[in-house]
There are 2 protein chains.
Amino acid sequence: MSQSDSSARGTPAVVLLSGGLDSTTTLAIAKSQGFELYALSFRYGQRHLLELQSAREVALQMGVREHIVLDVDLRKFGGSALTDDIAVPKGNAPIGRGIPITYVPARNTVFLSLALAWAEILASHDIFIGVNALDYSGYPDCRPEYIAAFERMANLATRAAIEGGQPLTIHTPLIQLSKAQIIARGVELGVDYASTSSCYDPAEDGRPCGECDSCRLRGKGFAELGLPDPLLQRFELE
Amino acid sequence: MSQSDSSARGTPAVVLLSGGLDSTTTLAIAKSQGFELYALSFRYGQRHLLELQSAREVALQMGVREHIVLDVDLRKFGGSALTDDIAVPKGNAPIGRGIPITYVPARNTVFLSLALAWAEILASHDIFIGVNALDYSGYPDCRPEYIAAFERMANLATRAAIEGGQPLTIHTPLIQLSKAQIIARGVELGVDYASTSSCYDPAEDGRPCGECDSCRLRGKGFAELGLPDPLLQRFELE
């Protein structure tokens, strides 16, 4: 099936939306497939709330039916660079060797579980998540075998498991794409990447640091395509 | 292995604690096995917060190492008698036929996911949940096949999945017990059931309604054992 047909027209889908490049592209892909979009974001104790502003901007641009920002204070458990006061690693350390310090324990499991709760209430059978197995090979919860196990569990967890009906699908349209391929797909679908936020440690005005793993991966992706990053243009950094 | 030995002495375990009869008994069982107890409760938009008072009381009595009450506002999604303003069913309707209206979509999946996040941070390999497949046969997420699928997913989701180490176990010590058997086990372990809260619709002073499914199941359990319910004695209802 072509990704840009509209066979899902009007069918509700829950899309996890952080406001970053990957989840924004995922939302655009779900839209291109004709789904009615329900975007879900989290205030989970992340170091900066800029990504939630991006998520709101993106949700508006894409015409989502509803956007929920849910509070889940993972800081109460402690334990990650994204939610604690540990310094974000920068510079030239190799990317993708071992589990990065920026890994948040069980985050995708928590987020997918909450997406599942909303999907069940919406009678939706489709959840989209922008995980990527190539650029984030260090994250256990970005791997295809993890997603397959979550989907199997989810199909035993809900009403449909007892009452029958269409099974739930966890869509991971980016899982085998490189960052450059993700950006190319988004550009094709008209995504405005100036609205997305990728940096782990942005300045107060939203200016990306350019040095964290996430900035470097993003920069490499645009560079491979020979495209300027519209977010950097916005801050006149290019 | 006997349930009352102490082979797990000092090993951390995360125990889901609602403050009800089942989760309190589960906590007592984890304690009897020698685990160091980390109790996790949720303010998820339930109709009454009495059960959180019970959870705090129980956690103190059992000497837990830490008790976290996490906010997760499931009301934002809508959709259940426990979190909405739909009336709680009472009276003589049969229990356990179909999915009860009191079912909260994906609740155990959400709660177990958050327990998993905390377990990973604590380097714990043990999560306890007081699900029961007999009395709650209508709830899809109380069935053994669901728990097994969650455990499998969890073992792909975390650091240990990549770095190796002891796998995670989801302990469900009550899953095949009747309510009477659960109470008998708790009494044996010295549980003070006067501190527990089971009612779906208690009065402001905590007095149970006596008519909802949960009150009826609890009453039947004590009756089968020929024991008075200490909670009712507290309110001089017996």
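The values are calculated or read from the model by the stated rules, or taken from the named source; none is laboratory data. Not measured: the values here are computed from a predicted model. Backbone-built Cβ (ideal geometry, glycine too); neighbour counts: all protein chains shown.
Observations
- If the condition is being of a type in the set (Asp, Glu) and within 12 Å of another protein chain (Cβ to nearest Cβ), then the range A:101-131 contributes only A:120.
- Answer residue from the range A:19-61, given it is assigned to a loop (DSSP other than H, G, I, E, B) and in contact with a Leu (Cβ under 8 Å, 6 or more places away or on another chain) and is surrounded by the most Cβ atoms within 10 Å (Cβ to Cβ) among those: A:19
- Considering the range A:150-165, and only residues there that are buried (at least 22 other Cβ atoms within 10 Å of the Cβ) and among the small types (Gly, Ala, Ser), the residue that is farthest from the other protein chains (Cβ to nearest Cβ) turns out to be A:154.
Yes or no, residue by residue, for (1) in a helix (DSSP H, G or I); (2) within 30 Å of residue B:162 (Cβ to Cβ); (3) without any contact (Cβ under 8 Å) to a residue 60 or more places away in the chain; (4) touching a Gly at 6+ places or on another chain (Cβ under 9 Å):
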position	(1), (2), (3), (4)
A:166	no, no, yes, no
A:191	no, no, no, no
A:220	yes, yes, yes, no
A:224	yes, yes, yes, no
A:232	yes, no, yes, yes
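- Residues of the range A:191-206 include none that is hydroxyl-bearing (Ser, Thr, Tyr) and more than 17 Å from the chain's Cα centre (by Cα).
- Taken over the range B:132-146, the residue count meeting the criterion of being in a helix (DSSP H, G or I) and either more than 9 Å from every other protein chain (Cβ to nearest Cβ) or at pLDDT below 85 (or both) is 2.
- The sole residue among B:162, B:170 that is out of contact with any strand residue (DSSP E or B) (no Cβ under 7 Å at 6 or more places or on another chain) and among the β-branched types (Val, Ile, Thr) is B:162.
- Checked against the criterion of being touching a Pro at 6+ places or on another chain (Cβ under 9 Å) and of a type outside the set (S, T, N, Q), the candidates A:142, A:212 yield just one match: A:212.
- Some residue of the range A:62-81 being assigned to a loop (DSSP other than H, G, I, E, B), within 30 Å of residue B:78 (Cβ to Cβ), in contact with a Pro (Cβ under 6 Å, 6 or more places away or on another chain) and modelled with pLDDT of 80 or more: no
- Residue in the range B:98-115 that is surrounded by 17 or more Cβ atoms within 10 Å (Cβ to Cβ), among the small types (Gly, Ala, Ser) and either at pLDDT 95 or above or more than 29 Å from residue A:125 (Cα to Cα) (or both) present: yes
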